[in-house]
Amino acid sequence: MSILEAGMMLCFGISWPFQVAKTYKTKNVKGKSILFLWLIEAGYVMGMGHKILYSMDAVIYLYILNFVVVGADMVLYYIYKNRAENGVKSGERKSRAEISNKYKSGVTA
């Protein structure tokens, strides 16, 4: 096991939950790049692939954990982005009927 690789994964692993908590708390994804999150996920998949094919060790669990946490941030991104696009403010809920009526009537702003 590479101590440096494990250290890198621990640093990332400590950082991501704070980002997820911030997204969840503020329910705001403005300024967040979904492309960046997809690239990070792709990097984790490649790292896990390398571990499986060439050097399986305990660091794979850190890759898996980070992959899941970044995935959670991506889920929140899509939930809150869709809410913002549908005019739902933080803490407010709109029914599906209200949202569909908005689009049927042609009101988009």
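The values are calculated or read from the model by the stated rules, or taken from the named source; none is laboratory data. What you see is a predicted model; the values in this text were computed from it and never measured. Glycine gets a Cβ as well: all are built from the backbone with ideal geometry, and neighbour counts include every protein chain shown.
Note on region 1-29: residues that are surrounded by 15 or more Cβ atoms within 10 Å (Cβ to Cβ) and basic (Lys, Arg) total 1. Look at region 61-78: where a residue is more than 11 Å from Met48 (Cβ to Cβ) and a partner is not in a helix (DSSP H, G or I), sitting 6+ places away or on another chain with Cβ atoms under 7 Å, you get Tyr77/Val29; Tyr77/Lys32.
Inspect all residues belonging to region 98-109 and state whether any of them is hydrophobic (A, V, I, L, M, F, W, C), surrounded by 11 or more Cβ atoms within 10 Å (Cβ to Cβ) and either modelled with pLDDT of 85 or more or not in a helix (DSSP H, G or I) (or both). No, there is no match, as no residue in region 98-109 is hydrophobic (A, V, I, L, M, F, W, C), surrounded by 11 or more Cβ atoms within 10 Å (Cβ to Cβ) and either modelled with pLDDT of 85 or more or not in a helix (DSSP H, G or I) (or both). Scanning region 50-67 for residues that are of a type in the set (Gly, Ala, Ser) and surrounded by fewer than 12 Cβ atoms within 10 Å (Cβ to Cβ) yields one hit, Ala58. Just one of the listed residues (Val70, Val75) is surrounded by 15 or more Cβ atoms within 10 Å (Cβ to Cβ), at pLDDT 95 or above and either within 30 Å of Met9 (Cβ to Cβ) or among the β-branched types (Val, Ile, Thr) (or both), and it is Val70.
Does Tyr80 count as of a type in the set (Ser, Thr, Tyr), part of a helix (DSSP H, G or I) and under 18 Å from Gly7 (Cα atoms)? Against the criterion (of a type in the set (Ser, Thr, Tyr), part of a helix (DSSP H, G or I) and under 18 Å from Gly7 (Cα atoms)), Tyr80 does not qualify. Pairs linking a residue in region 1-28 that is closer than 19 Å to Gly43 by Cα to a residue that is surrounded by 14 or more Cβ atoms within 10 Å (Cβ to Cβ) and polar (S, T, N, Q), with Cβ atoms under 8 Å and 6 or more positions apart or on different chains, are Met9/Asn66; Phe12/Asn66; Gly13/Asn66; Trp16/Asn66. Among the candidates Gly31, Gly71, the residue that is in a loop (DSSP other than H, G, I, E, B) and closer than 30 Å to Gly87 by Cβ is uniquely Gly31.
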